[in-house]
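One structure is given here, and the rest of the page talks about it.
Only the coordinates and a few stated rules stand behind these numbers; no lab work does. Every value quoted in this text rests on a predicted model; they were computed, and no experiment measured them. Please note: Cβ atoms are built from the backbone with ideal geometry, for glycine as well, and neighbour counts cover all protein chains shown.
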Amino acid sequence: MSENITAAIDAGKEVLPVLASDRHLLERQVAALYGVLCDIYGTDKVVLRASKLEALDLIRSGDLAARVLALEKLIYEDPTINDLPAEEEIPQVLTALQEELADFIARRTVEEKLEQRIAERMQERHEEYIQEIRRQVLKENNGPENAQTLKKLAILEKMSRITLSRTALEALRPRRLEEIVGQDQAVQAILAKLASPFPQHMIIYGPPGVGKTTAARLALEEAKKISSSPFKPQAPFVEVDGTTLRWDPREVTNPLLGSVHDPIYQGARRDLAESGVPEPKLGLVTEAHGGILFIDEIGEMDPLLLNKLLKVLEDKRVEFDSSYYDPGDESVPRYIKKLFEEGAPADFILIGATTREPEELNPALRSRCAEVFFEPLTPAHIQTIIKEAAGRLGVKLEPAVPELISEYTIEGRKAINILAEAYGLSLYQQQRKKGRRRRLITVDHVMQVLRSARLTPYTTVKAKDTPEVGRVLGLAVAGFVGSVLEIEAMAFPAREPGKGNIRFNETAGSMARDSVFNAAVVFRLLTGEDLYNYDVHVNIVGGANIDGPSAGLAITAAIISAVQERPVRQDIAVTGEISIQGKVKPVGGVLEKIYGAKQAGMKMVLIPAENAAEVPASIKGIDIRPVATVAEALDYLLLATAKAKGRRRSRAGA
């Protein structure tokens, strides 16, 4: 409406100067202005206003000047205006009235827009107020629930009642320390360190799948029963994987040590965020307070995070800091003040497990922890685990099943998984057959599992009773697992004396090459012959890279056997570095190598005499012979034959 009124006024302005002398047009303009007033106020209100301003008679007058005077009273709202305008003044008076009316319309338009925005704002505030009241009513009555939320809650509760069977590892996991196979000494060591009035932090070394985590958990339960132990019945066992723990330099989050949720960036609780109070979030070290924090694969932790963990071990508390914390703020809850001013308690025993070598771990961590070593499992241990697991499953095994599984793994966890898969396969096949159902796992079941998983025997080199010329079984170690190396040598008389060649596979590495050259010196020392009178080829079967000198004794024995054609016992494995004086020097990983020899079914292991003190007396099932010289080792390895003796006599006579 305001746009039409404005257009009418503008139209009057345009025609006024042109037709000002035309009385008829002036009357039309006056009538138009009256029409605009009626559109603005309404006809009834215009009449009422004219009556109050004593202009009603003037409006009804036939005199143009009187009607213009009435317009002046109505537009200016002034009843004291009584002078009739002269006829020549009427155009100017009408122009002034149009300007005044245009200003009024503009003001009214702005006021309408403001009133509209005010009404919208009031409506928004009103709706927010209604929502707030509705939330309060819901909270007072039934909380934030409605039909939709209750339906979703019912679905979740129904889903929670549906559970699958436990995994094989959960069902067959040892429940008592006595059920942990092959780790008696290690379990006793853990228990001794926890049951003491002064429990110690520990690092447990060992290959995967030998029961490190289970032993730590059960040792804590056993320690709770001992009066001298400081662990209470409610002492927690908090387990975490070190590979998932990372140091956040922004300190936005730290699940291990805890972090501070600032009210602006990280979002504290609503009631705290509204008042600008930072909220500390406690970490796993506080959750483990009074109990054990077990970190699996602790060697994979971020170094910075590990250093901070060591600081917590010393202080037994975790400190929190935030630029948003104001100790004088009365709105800060007391528990938050206590956390910022005193820190959170974190008095726990750290047990870390790793498959790494001790030298690879942080020295500061090792200095604070006692060290416990778990032994690799032998085939006999694996077979025991399989038989006990079958008993818990209530299933019978064909006699050859435990031995078959033990050939494909040295991990208890892996062995259990193979058995569980074979058990599932057995049940599936029985469901398809009619008649009596027997819970029996056969060799065929296990072989199907092994083939589907594409598993190969763990130990490819086995002991045997038949001696061989030029073939010696050495020992190697990787991590905490030993293995048997097959070293072979061939020797032929050189075309010209003293111009023979010594070849070996370069993939074995520089250490193997040095061992071959040392063996050439020892060969001359022991036999009096020059090895360069022969063409000798030394091969490390499988192309294994030897990163230490421990194969020296095996290489020397293989060369002597090949040259003298003396058979070598194939049920003896050897390890040791040789010096050019014919002595056997100590090497590392002796215990792991012995277990590797047991895996391969060896009857005897030759080790350096200086390593004898490292071998515990509890090792059963294999004969361990320390040797100080190469000659002493050869007495065990090489068999004297008539052919070899005659050959040596002919050479001596020459």
Practice problem: Putting +1 on Lys and Arg Cβ atoms and -1 on Asp and Glu Cβ atoms, find which of Thr384, Val401, Ala420 reaches farthest to the positive end of the dipole of the stretch 344-422. | Solution: Ala420
Quiz item: Among Lys396, Lys73, which comes first, second and so on when ranked by fewest other beta-carbon atoms within 10 Å?
Solution: Lys396, Lys73
Quiz item: If you line up the long axis of helix 552-564 against the longest principal axis of the chain, both from Cα atoms, how many degrees apart are they, to the nearest 10?
Solution: 40 degrees
Quiz prompt | Positive-end residue, the chain charge dipole about Cα centroid, Cβ charges, pick of Phe104, Pro174, Asn307 | solution = Pro174
Quiz item: Summing Lys, Arg as +1 and Asp, Glu as -1, what charge do residues with Cβ under 15 Å from the Cβ of Pro626 carry, Pro626 excluded?
Solution: -2
Self-check item: Whichever aspartates and glutamates have a C-alpha closer than 20 Å to that of Lys232, once near sequence neighbours (fewer than 8 apart) are set aside
Solution: Glu221, Glu222, Glu287, Asp347
Self-check item: Helix-only mean residue ellipticity at 222 nm for the chain, each DSSP H run of n ≥ 4 adding -39500 (n - 2.57), per residue, nearest 500
Solution: -15000 deg cm²/dmol
Exercise. Send over the per residue convex hull volume for the stretch 468-653, Cα only, as a whole number of Å³.
Key: 105 Å³
Practice problem: With everything on Cα atoms, drop me the angle between helix 642-653 and the longest principal axis of the chain, reported from 0 to 90° to the nearest 10. | Solution: 70 degrees
Quiz item: For the chain, what relative contact order do you get, as a whole percent, if you take Cα pairs closer than 8 Å and at least 6 residues apart?
Solution: 9 percent
Quiz item: By the scheme Lys and Arg +1, Asp and Glu -1, what is the net charge of all other residues having a beta-carbon under 14 Å from that of Val238?
Solution: -4
Quiz item: Can you give the percent of C-alpha pairs in the chain whose distance is more than 40 Å?
Solution: 61 percent
Quiz item: Which trypsin sites (Lys or Arg not before Pro) does the stretch 440-482 hold that lie in a coil by DSSP with at most 16 other beta carbons within 10 Å?
Solution: Arg454, Lys462, Lys464
Quiz item: Given the convex hull of the Cα atoms of the stretch 379-452, what is a quarter of its surface area in nm²?
Solution: 4.6 nm²
Quiz item: Counting Lys and Arg as +1 and Asp and Glu as -1, what is the net charge of the other residues whose Cβ lies under 15 Å from the Cβ of Gly211?
Solution: -4
Practice problem: State the dimensionless ratio Rg/Rh of the stretch 173-373 (Rg: radius of gyration of Cα atoms; Rh: Kirkwood radius). | Solution: 1.03
Self-check item: Sequence-separation-based contact order of the stretch 468-653, relative, with Cα cut under 8 Å and 6+ spacing, percent
Solution: 25 percent
Exercise. Using the number of other C-beta atoms within 10 angstrom as an exposure proxy, rank Thr556, Thr527 with the fewest first.
Key: Thr527, Thr556
Exercise. Quick one: of Lys73/Lys113; Lys224/Lys620; Lys462/Lys593; Lys387/Lys620; Lys281/Lys316; Lys281/Lys311, which pairs are farther than 25 Å apart, Cα to Cα?
Key: Lys73/Lys113; Lys224/Lys620
Quiz item: What relative contact order, as a whole-number percentage, does the stretch 173-373 give when Cα pairs under 8 Å and 6 or more residues apart are counted?
Solution: 29 percent
Quiz item: Which order do His537, His381 fall in if you start with the one that has the fewest other Cβ atoms within 10 Å?
Solution: His537, His381
Quiz item: Counting only Cα, what are the radius of gyration and maximum Cα-Cα distance Dmax of the stretch 206-256, in Å?
Solution: 15.4, 44
Quiz item: Whole number please: convex hull volume per residue of the Cα set in the stretch 529-628, in Å³?
Solution: 116 Å³
